[in-house]
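What follows is a single structure, written as structure tokens, with notes after it.
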Amino acid sequence: MRRNIKFRGKHVESGKWIIGWLFQDDDDHFPMIHQGGTLDDWEQVKEDSVGQFTGLLDKNGEEIYEGDIVERIVTDGYDYGFIGEVSFDNGVFGIKHKTYKGYIVSDFVYSSDWNDGHEHGAVLYEYEIKGNIYDNPELLANHQ
């Protein structure tokens, strides 16, 4: 199994999101190398904005990164959806959330459980990116 390992971070000057390979230079900065670029073709990003690609896509085909705010959308008529932050914990990606509804018994849903919403060909729930903790922290205000 091959997974595309890449990162994103906000450019220190423009604030634009940069996606590529992460490396740390001698000055402890965290520049990003553009995919397909050379070692001379990198952009410095804000260290606290760096997040790794989870290898997963949301319902619209968008790549999900650490720091994204995602909504679990339930399609089976029950109310156990939530909004939370994608994070890395105990060696695995997951969604941190504080909204306990229905059958949700944990405040961290591991990425290995994300596909459990597909049962016998029926989609019980999906995930959709709503924003991220850097640009849209207010999205979590009512869910923390």
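Bear in mind these aren't lab numbers, they're just calculated from the coordinates by the rules spelled out. As the structure is a computational prediction, the values presented were derived from the model and not from experiment. A quick note on method: Cβ atoms are made from the backbone with ideal geometry, for glycine too, and the neighbour counts reach across all protein chains shown.
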Handout entry: Förster radius 22 Å - calculated FRET efficiency between LYS59 and PHE88, Cβ distance, rounded to 0.05
Key = 0.50
Practice task
Count the net charge of all other residues whose Cβ sits under 11 Å from the Cβ of GLU128, scoring Lys and Arg as +1 and Asp and Glu as -1.
Solution key: -2
